[in-house]
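S.K.: Let me begin by handing over the structure; questions about it come next.
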Amino acid sequence: MAGTATTAVLDRAGLDALVAALVADGRTVVGPTVRDGAIVLAELSGAGQLPYGWGVELDAGRYRLVRRDDDAAFAHSGGPQSWKAFLHPERERLWSAERAADGTLTVRADRAEAPSYAFLGVRPCDLRAIAVQDRVLASGHYPDSGYRERRRRAFLIAAECTEPAGTCFCVSMGSGPAVDDGYDLALTEVVSAAGHRFLVRTGSAEGERILTRLPRLPADAETTALASAAVRRAAERMGRAMPPVDLRALMGASLEAERWDDVAARCLTCGNCTLVCPTCFCTTTEEVTDLTGDHTERWQRWDSCFDLDFSYVHGGPVRASARSRYRQWLTHKLSTWYDQFGSPGCVGCGRCIAWCPAGIDITEEVAAFRAESSTPREEAPQ
Amino acid sequence: MTTKQAVRMAVALPAKHRSRLMNTAREARFPVGTRLFEEGRKADRFWVVRTGTVTLDMHVPGRRSAAIESLAAGELVGWSWLFPPYLWHFGAEATTPVRAYEFDALAIRLMCDSDPQLGAAVAQWVGQVLAHRLTQARMRLLDLYAPHGSGPPR
Amino acid sequence: MTALPVPYRVVARWQETPDTRTLRVEPVRERLCPFVPGQFAMVHAFGRGEIPVSASAIPIGGGLGFTVRRVGAVSEGLYEAGPGDTVGLRGPYGTGWELEKAACDDLVVVAGGIGLAPLRPLVRDAVADPEPYGRLNVLVGARTPADLMAHRETGLWRTAYTGVTVDRPGAGWSGDIGFVTALLGRARFDPRATTAFVCGPEPMIRATALRLAALGVPGEHIRVSLERNMRCATGHCGHCQLGPLLLCRDGPVIGWDLAEQLMTVREL
């Protein structure tokens, strides 16, 4: 799409018009907004609900909203939710079934009709996460029809990162702070003496169509230069970095490392990291029946590999220890994900670091595994 | 000796030791129900089964003998003859008509004493047989096929 | 399209062991794609849920057989289902035993307990069409004589060697006593040209595969069927992971060359 991309500049009124146009098209517009002391993702009726002037301060186990000196709308990083809450909802009915008096079984697919979402302000890391979940849920032999339908109808407006947080490490995962593809529109926010504006470029035909309906200015050299400088600066201000190693090989070779005991002593196996992770996709199913016993519904809900029941086979859980459950999560994310889905399951958003009640830092753990794996070699005779 | 039995003993015994052993073997036949040996008695012989089944058992007062394990063609019956005090630990009974090679334990022990290489080979052979049986016995102890596998959930 | 359970009617059921039954089911209307031996279905018990169950019979005339042991709420529901009742089926899922790849080889089928269930259609195929294969060996181990599933049928299979052994014989048992691996010494096969098929409790699979490998059977010729928690069977729920594998997709039948390193890591 890069060759045919159109660029333009929107001001705040242009952004208002964008949300209004999407709402007028019948889309459910979802974007960041301030609620409950955090920047959350929620349905927006207008661009005015964006977190203008708010930033965040993040560290391991820490999330604070902070007032900014400017009015920037996208000067924050990933909040407690990710877009999977909409594309791969926490709870979904898969089907229901009736049993007639003569025992006849009727099964109905009764997933709710998929809304046409427009996601406003998708971070590059989250855009990558959506692509990862696409590979898990919408490709392969048995695509998840609910996910695929919501995804097919979704309109994605990316927002490049200009204000990375202390927990961010997308540069080291190759997923940000710039976006390259996978969006309908991409915004880069510029706040300068010349005003508050958004450099916009199109990434799809649908993005082109929407853009033509908006009041806009041509992309001027100054805005373009400021935008790319802001993204470049962001790349230099990452709060953290994943060690530059072959993660797949390192974690694949670390199954019996001693570090697992160390991290297991800190991990509460609460599963927060799996809930906030934008790629974690695991679900379980439950059967819900009514009082007559002749109507039953099959529901799918998020599950976590930290849950003891997750690996239950008759007799008991396969992964009973915290060590084995943390190991499952981390090795899956960084190593076996490649085997299963052809890419890593980590995009460097840093949510698992910020929302871990014990402040466990995935980059620090990987550094420790790397140190442990290289120790014997360093001790080898010279 | 059939090919099959040659293969079984050959796993642990080099050919030259095997043939020295076989040179001392007698052919034995046991009708169904024959007691080959009894727990606590002197272990002065051992056998390698050619056809049929020998079942090891242990006497339990007030009940019929508890069958522990069955041994079939190519398998060694008896190892207590190799270790002091040379007394049988279990009983053994032919549960089908059995044909077997019978060996004189004392003669073999004397051969082993005078030829340490043969002694090591025989000890290695019997040791391997015991190791397999120990593993199998331990697997059975796990009671794997019970409703919840190898015991109650953790 | 996310698969919906397809209604199948139970047309017969029989007791295999004191806690295990086989259900014979026929499609009510729509039928699933054909199963190959080793593949499984998600079997739905109305109002209770779904569990993965390998097909234990794949009759030429249609229909399917599933053998269920009563160990949880769903399996209890299926165990209680009788002729006329309807169950829901999704499938077929997963890898099969791939008997066809064993052409020219001796076959060694080793089953522990109701691990014989997923192996039964494989043995039936090999018995019905023995021409492409070498000698067929069927080795079955169980807890007691009463726990031997399909015992009469096992005795009818024309094989080079059929061994049946129990841990605890009880009165009236005149057959073998011992662990199933003891039967490997009695089976007739050339380890270098053998394909083995193993199913049962995981420690039994490990012990059997290690013994086969020690005898000289190549790891990729030892096919084992593994069990893990499964919720979706379509590779989306994450429950059936075993290291790099999603057992619903890459299993349940995998080669020992792959399984060995995974099965020896505790709690993987």
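The values are calculated or read from the model by the stated rules, or taken from the named source; none is laboratory data. This structure is a prediction, so every number in the text was calculated from the model and none was measured. Cβ atoms come from the backbone with ideal geometry, glycine included; neighbour counts cover every protein chain shown. Heavy atoms of the whole protein, side chains included, go into the accessibility calculation; ligands, DNA and RNA do not. Shrake-Rupley method; radii C 1.70, N 1.55, O 1.52, S 1.80 Å.
S.K.: Rounded if a/c is under 1.5, else prolate if a/b beats b/c, else oblate: with a ≥ b ≥ c from the C-alpha gyration tensor eigenvalues square-rooted, which is chain A?
M.R.: oblate
S.K.: For chain B, what is the calculated [θ] at 222 nm in deg cm²/dmol (nearest 500), taking -39500 (n - 2.57) for each run of four or more DSSP H residues and dividing by its residue count?
M.R.: -11000 deg cm²/dmol
S.K.: Taking amide H positions as placed in the peptide plane 1.01 Å from N, state which residues far from B:THR34 in sequence (5 or more) or on other chains have amide H under 5 Å from it.
M.R.: B:ALA94
S.K.: Which of the listed residues, C:PRO244, A:SER204, A:CYS277, is farthest toward the dipole's positive end in the protein assembly as shown, when Lys, Arg count +1 and Asp, Glu count -1 at the beta-carbon?
M.R.: The residue sitting most towards the positive pole is C:PRO244.
S.K.: Sticking with this one: Pull up all non-local amide H partners of A:CYS356: gap of 5 or more, or a different chain, and H-to-H distance under 5 Å with H placed in the peptide plane.
M.R.: It is A:GLY61, by chain and number.
S.K.: Oh, and also: Please report, to two decimal places, log10 I(q)/I(0) for the range C:6-93 at q = 0.12, 0.20, 0.23 Å⁻¹ as given by the Debye formula with identical point scatterers on the Cα atoms and no solvent.
M.R.: Per q value, in the given order, log10 I(q)/I(0) is -0.28, -0.84, -1.15.
S.K.: For chain A, what relative contact order do you get, as a whole percent, if you take Cα pairs closer than 8 Å and at least 6 residues apart?
M.R.: Rounded, it is 22 percent for chain A.
S.K.: Now for a different question. Write down the percent of antiparallel bridges among all DSSP beta bridges whose residues are both part of the protein assembly as shown, to the nearest 5.
M.R.: Within the protein assembly as shown, antiparallel bridges account for around 75 percent of the total.
S.K.: Now for a different question. What percent does the relative contact order of the range C:1-57 come to when contacts are Cα pairs within less than 8 Å and at least six residues apart?
M.R.: 27
S.K.: Mind checking how much accessible area C and A bury in total, 1.4 Å probe, in Å² rounded to 100?
M.R.: 3700
S.K.: Next up: Please express the Cα-Cα pair-distance distribution P(r) of the range A:22-152 as a list of whole percents, one per 10 Å bin, running from 0 to the bin with the greatest distance.
M.R.: Calculated over all Cα pairs of the range A:22-152, the distribution is 11, 33, 29, 16, 7, 3, 1, 0 percent.
S.K.: Under a 1.4 Å probe, what is the accessible area of the range A:247-379 per residue, stated in Å²?
M.R.: 37
S.K.: Percent of accessible area on the range A:247-379 owned by carbon and sulfur, 1.4 Å probe?
M.R.: 52
S.K.: Okay, moving on. What relative contact order, as a whole-number percentage, does the range A:247-379 give when Cα pairs under 8 Å and 6 or more residues apart are counted?
M.R.: Worked out over the range A:247-379, it gives 34 percent.
S.K.: May I pose another question? Which residues belonging to the range C:50-88 lose at least 30 Å² of 1.4 Å-probe accessible area when the assembly is complete, relative to their chain isolated?
M.R.: Correct list: C:GLU50, C:ARG69, C:VAL71, C:THR86.
S.K.: Choose one of B:CYS112, B:ALA94, B:ALA73: the residue whose Cα lies farthest towards the positive end of the charge dipole of the range B:3-140 (beta-carbon charges +1 Lys, Arg; -1 Asp, Glu; about the Cα centre).
M.R.: B:ALA73
S.K.: If we restrict to alpha carbons, what Rg and Dmax does chain C come to, in Å?
M.R.: My reading of the Cα-based Rg and Dmax gives 17.8, 55 Å.
S.K.: In the range C:168-198, which residues become less accessible by 40 Å² or more once every protein chain is in place, relative to the chain on its own, using a 1.4 Å probe?
M.R.: C:ILE177, C:PHE179, C:GLY185, C:ARG186
S.K.: Using the Karplus curve 6.51 cos²θ - 1.76 cosθ + 1.60 with θ = phi - 60°, work out ³J(HN,Hα) for each residue of the range B:15-22 in order, rounded to whole Hz, and write x for Gly and Pro.
M.R.: So the J values, rounded to whole Hz, are 3, 5, 6, 4, 5, 5, 5, 5.
S.K.: Then there is this: Could you tell me which of rounded, prolate or oblate describes the range A:99-159, using a ≥ b ≥ c as the square roots of the eigenvalues of the alpha-carbon gyration tensor, with rounded for a/c under 1.5 and, failing that, prolate when a/b is larger than b/c and oblate otherwise?
M.R.: prolate
S.K.: Ignoring ligands, DNA and RNA, what percent of the accessible area of the range C:137-208 is carbon or sulfur (1.4 Å)?
M.R.: Of all accessible area on the range C:137-208, carbon and sulfur atoms account for 49 percent.
S.K.: For helix B:116-141, report the angle its Cα long axis makes with the longest principal axis of the Cα atoms of chain B; keep it between 0 and 90° and round to the nearest 10°.
M.R.: So the inclination is approximately 10 degrees.
S.K.: Tell me the total accessible area that B and C bury against each other, 1.4 angstrom probe, in square angstrom rounded to 100.
M.R.: 2200
S.K.: Mind listing the long-range amide H neighbours of C:LEU242? Cut-off is under 5 Å, sequence gap 5 or more, other chains count too, H placed in the peptide plane at 1.01 Å from N.
M.R.: Here C:LEU247 satisfy the definition.
S.K.: I've got another one for you. Projected area of the range A:247-379, taken from the Cα convex hull and averaged over every viewing direction, in nm²?
M.R.: Result: 10.4 nm².
S.K.: Same structure again: Translational D (Stokes-Einstein, µm²/s) of the protein assembly as shown at 25 °C and 0.890 mPa s when Rh comes from the Kirkwood sum over C-alpha pairs?
M.R.: 80
S.K.: Using r as the Cβ-Cβ distance of A:VAL288 and A:ASP220, and R0 as 41 Å, what FRET efficiency do you calculate, to the nearest 0.05?
M.R.: 0.10
S.K.: Now for a different question. Over chain C, give the accessible area per residue in Å² for a 1.4 Å probe, as an integer.
M.R.: Per residue, chain C has 36 Å² of solvent-accessible surface.
S.K.: Okay, moving on. Just for the Cα atoms in chain B, what are the lengths along the principal axes, largest first, rounded to whole Å?
M.R.: Computed over the Cα atoms, the extents are 53, 35, 33 Å.
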